[in-house]
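Here the structure comes first, spelled out in structure tokens, and everything after it is commentary.
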Amino acid sequence: MESSTIESSEESLRDWLAVERTKLANQRTLLAMLRTGLYFLVMGLTIVSLDQLESIQPYYWVFFLVGAIFIGFGIFYFLKVNKTIINKYKRTF
């Protein structure tokens, strides 16, 4: 009797830890996407402000666009996965 209680307790702990690892991985992915998006935005600003880069200056908007896409996709993906985690967490525990 006591053995089955311990096993279910360990299984519950394992499930909870798995959910927490998934949450942390989701946050890490969001931060990586935000960082990459900000790098592209800064690169676009650098191209606009430096006179030595006049040859590629008309393409600064590409860097802004790519940066915005990374940031937007990162937020979208974070919210989507977070919603999935919350729904599964409610059903599991």
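The values are calculated or read from the model by the stated rules, or taken from the named source; none is laboratory data. Quick caveat: nothing in here was measured; it's all calculated off a predicted structure. Surface areas here come from the heavy atoms of the whole protein model, side chains and all, with no ligands, DNA or RNA. Shrake-Rupley method; radii C 1.70, N 1.55, O 1.52, S 1.80 Å.
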Heavy atoms of residue 75: accessible area, 1.4 Å probe, square angstrom to 10: 80
Only helices counted: for the chain, with every DSSP H run of 4 or more residues adding -39500 (n - 2.57) and the sum spread over all residues, [θ] at 222 nm is -32000 deg cm²/dmol
Quick one: angle between helix 60-92 and the longest Cα principal axis of the chain, in degrees between 0 and 90, rounded to 10, please. 10
Ratio of the chain's C-alpha Rg to 2.2 N^0.38 Å, to two decimals? 1.76
With a probe of 1.4 Å, find how much accessible area the chain has per residue, and write the answer as a whole number in Å². 79
Note down the relative contact order for the chain as a percent, whole number, built from C-alpha pairs under 8 angstrom at least six residues apart. 36
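Per the 1.4 Å probe, what fraction of the accessible area of the chain, in percent, lies on carbon and sulfur atoms?
Reported share for carbon and sulfur atoms: 66 percent.
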For region 43-51, Karplus-derived ³J(HN,Hα) couplings (6.51, -1.76, 1.60; θ = phi - 60°; whole Hz; x for glycine and proline) come out as 5, x, 5, 5, 4, 5, 8, 8, 6
